[in-house]
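Quick notes on the structure that follows.
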Amino acid sequence: MQVYVDNAATTPMDPEVIAVMTETMKNDFGNPSSIHARGRQVRTIIEKARKTVATLLNASPAEIFFTSGGTEANNMALVRGIKDHGIKYAITSPLEHHAVLHTLEELEDSGQIQLAKLRVDALGRPDLDQLEHLLASQPRTLVSLMHANNEIGTLTDIEMVSALSEEYQASFPSDTVQTVGPFRHDPETLQIDFINGAAHKFHGPKGVGFIYINRNTEIRPLLYGGAQERNMRGGTENVYGIVGLAKAMELAYRDMDAHRTHIQQLKTYLMEQLKTHIPGVRFNGDTDPNNSLYTVLNVSFPCTDLSDMMLFSLDIAGICASGGSACSSGSDIGSHVLQGIGAELDRPCVRFSFSKYNTREEMDYIVEKVGELCAQHA
Ligand SMILES: Cc1ncc(COP(=O)(O)O)c(C=O)c1O
């Protein structure tokens, strides 16, 4: 049996997405910047996809720009948001994805900003009192906090962050890469400057994403070149990717409630079964269904002997999951997220992340295999 439970890394593509992309590849090869019929036909396809994304997000098509994925969108929001608005102070959390952390650290190293990282609690929640304190003492600030942590699934209270940012007139980009697909976002009701999505996290293709830029937030391009994306991103568009992204997002929104119920049930079931069969098992991050991403479960196993071999052994058993080693020795720098929340460094940690394609039988198989491994290494 092969079980794919690494959906926070990437998801398998939906056959319906592959079908629309294939049709577009066959029929629509024109360059969307060409003014002849072949070009215009493809331009229309891109604008239709933009409208789909905008409608689902309750945004205007003018607020959606296609990118190469989540990393580029984060760089665009942070680099341009900071430079173009004369921002000198940024606040983030030590648990952000490297696409955010490394970008902000580079801006700090090059002397463009001073960077503060908020305290986080054992569940990975940033200290919002500290955020308010910093916002009150620093004018012209940017606050970058992710919606859901990709390793432990803990959700940030972005409504609260948005309210604080509005009160203190701070710029607020949120890395929403893990939650576009599983959750609805409404920038009309949330005061937010930038959000982003990556198609491969919700059964679309890799190498394509989008950034939402609030209509009141003006920035210059990150990539200079031609006039594509209304002069905001030079380079011939990834037409097939854009078509696939829009289709994948349409499907994710259409079936969101059913998928959420299905996946949350699997996660709860797996947690219960692990607790029953593996004494001493623990979970990293928030597992309260109201405060956590239902697609992610980070498990800390008691079998300390296994340590780094855990993922390898699961792979041999046909289970594709991700690491989350907190190890900080030798060449393995481990997970900054698990270290940041003070996870026990000697216990093997595994991130299981689920999608609509997972089944209860697969959860039983995981429990059986990790049970065997932990029994052998008790
Ligand atoms: C929270 C988060 N932000 C950003 C990214 C980067 O997205 P991409 O791989 O599309 O560049 C990821 C991908 O793992 C992610 O989980």
What distance in nm separates the two pseudo spin-label positions at ILE35 and ALA378, each 7 Å out from Cα along the beta-carbon direction?
7.8
Which of the aspartates and glutamates could a cross-linker bridge to LYS48, judged by Cα under 16 Å and excluding same-chain residues fewer than eight apart?
GLU23, ASP28, GLU63, GLU229, GLU237, GLU250
The chain: radius of gyration over Cα atoms, expressed as a fraction of 2.2 N^0.38 Å:
1.02
So if I take the centroid of the Cα atoms in segment 183-253 and the same for segment 67-145, what is the distance between those two points in Å?
20
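If a/c stays under 1.5 just call it rounded; otherwise compare a/b with b/c (prolate if a/b is bigger, oblate if not). Do that for segment 44-138, with a ≥ b ≥ c from the square roots of the Cα gyration tensor eigenvalues. Write down the numbers at each step before the final one.
Details: a/c = 2.21, a/b = 1.77, b/c = 1.25.
Prolate is the answer for segment 44-138, as a/c is 1.5 or above and a/b outweighs b/c.
Can you tell me the length gained on complete extension of the stretch ILE316 to ASP129, counting 0.36 nm per residue apart and subtracting the Cα distance?
Details: separation 187, 0.36 × 187 = 67.32 nm, distance 4.57 nm.
Difference between extended and current length: 62.7 nm.
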Take the solvent-accessible surface of the protein heavy atoms, probe 1.4 Å, and return the percent of it on the chain that carbon and sulfur atoms account for.
51
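Within the set LYS117/LYS206; LYS117/LYS267; LYS275/LYS369; LYS201/LYS275; LYS206/LYS247, which residue pairs have Cα atoms separated by over 20 Å? It would help to have the intermediate numbers written out before the result.
Values: LYS117/LYS206 30 Å; LYS117/LYS267 31 Å; LYS275/LYS369 14 Å; LYS201/LYS275 28 Å; LYS206/LYS247 14 Å.
Too far apart for the 20 Å limit: LYS117/LYS206; LYS117/LYS267; LYS201/LYS275.
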Give the accessible area for CYS320 in Å² (nearest 10); use a 1.4 Å probe, count only protein heavy atoms, and leave out ligands, DNA and RNA.
40
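For segment 4-111, what does the accessible surface come to per residue with a 1.4 Å probe? Please give it in Å². Let's see the in-between values first.
Numbers: 4640 Å² over 108 residues.
Per-residue value: 43 Å².
If you place +1 on the Cβ of every Lys and Arg, -1 on the Cβ of every Asp and Glu, and leave all else neutral, what size is the dipole of segment 107-167 about its Cα centre, to the nearest 20 Debye? Walk me through the numbers before you get to the answer.
Details: 4 positive and 11 negative charges, 30 e Å.
Around 140 debye, computed over segment 107-167.
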Go ahead and run the numbers for FRET between GLU23 and TYR357, Cβ-Cβ distance against an R0 of 22 Å, rounding to 0.05.
0.45
So what is the calculated 222 nm ellipticity per residue for the chain, using -39500 (n - 2.57) for each DSSP H run with n of 4 or more, over all residues, to the nearest 500 deg cm²/dmol?
-12000 deg cm²/dmol
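Based on the alpha-carbon gyration tensor of segment 242-378 and its eigenvalue square roots a ≥ b ≥ c, which shape applies: rounded if a/c is under 1.5, prolate if not and a/b is larger than b/c, or oblate? Don't skip to the answer; put the middle values down first.
On the way: a/c = 1.89, a/b = 1.52, b/c = 1.24.
It is prolate, given that a/c is not under 1.5 and a/b is the larger ratio.
Considering only the other residues whose Cβ falls under 13 Å of the Cβ of GLU166, what net charge follows from Lys and Arg at +1 and Asp and Glu at -1?
Numbers: positive: none; negative: GLU132, GLU159, GLU167, ASP193.
Taking every Cβ under 13 Å from that of GLU166, the sum is -4.
Work out the length of the dipole vector of segment 224-378 about its Cα centre, built from +1 on the beta-carbon of each Lys and Arg and -1 on the beta-carbon of each Asp and Glu, and round it to the nearest 20 debye. Provide the component values of the computation, followed by the final result.
Details: 13 positive and 19 negative charges, 96 e Å.
That gives segment 224-378 a dipole magnitude of about 460 debye.
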Under the 7 Å Cα-to-Cβ spin-label approximation, THR276 and ARG230 lie apart by a distance in nanometres of 5.4
Apply the Karplus curve 6.51 cos²θ - 1.76 cosθ + 1.60, θ = phi - 60°, to the phi angles in segment 293-302 and return the couplings in whole Hz, x for Gly and Pro.
6, 5, 8, 10, 9, 9, 10, 10, 9, x
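Considering only protein heavy atoms, what per residue accessible area in square angstrom results for segment 242-309 with a 1.4 angstrom probe? Before the final figure, lay out each step's value.
Working: 2790 Å² over 68 residues.
Solvent-accessible surface per residue comes out at 41 Å².
State to the nearest 20 debye the size of the charge dipole of the chain about its Cα centre, where the only charges are +1 on K and R beta carbons and -1 on D and E beta carbons. Don't skip to the answer; put the middle values down first.
On the way: 32 positive and 47 negative charges, 269 e Å.
The dipole magnitude comes to about 1300 debye.
The values are calculated or read from the model by the stated rules, or taken from the named source; none is laboratory data. Because the structure is predicted, anything quoted here is derived from the model rather than measured. When we count neighbours, we look across all protein chains shown, and the Cβ atoms used for this are built from the backbone with ideal geometry, even at glycine. Side chains are part of the model used for accessible areas, which takes the heavy atoms of the whole protein and leaves out ligands, DNA and RNA. Shrake-Rupley method; radii C 1.70, N 1.55, O 1.52, S 1.80 Å.
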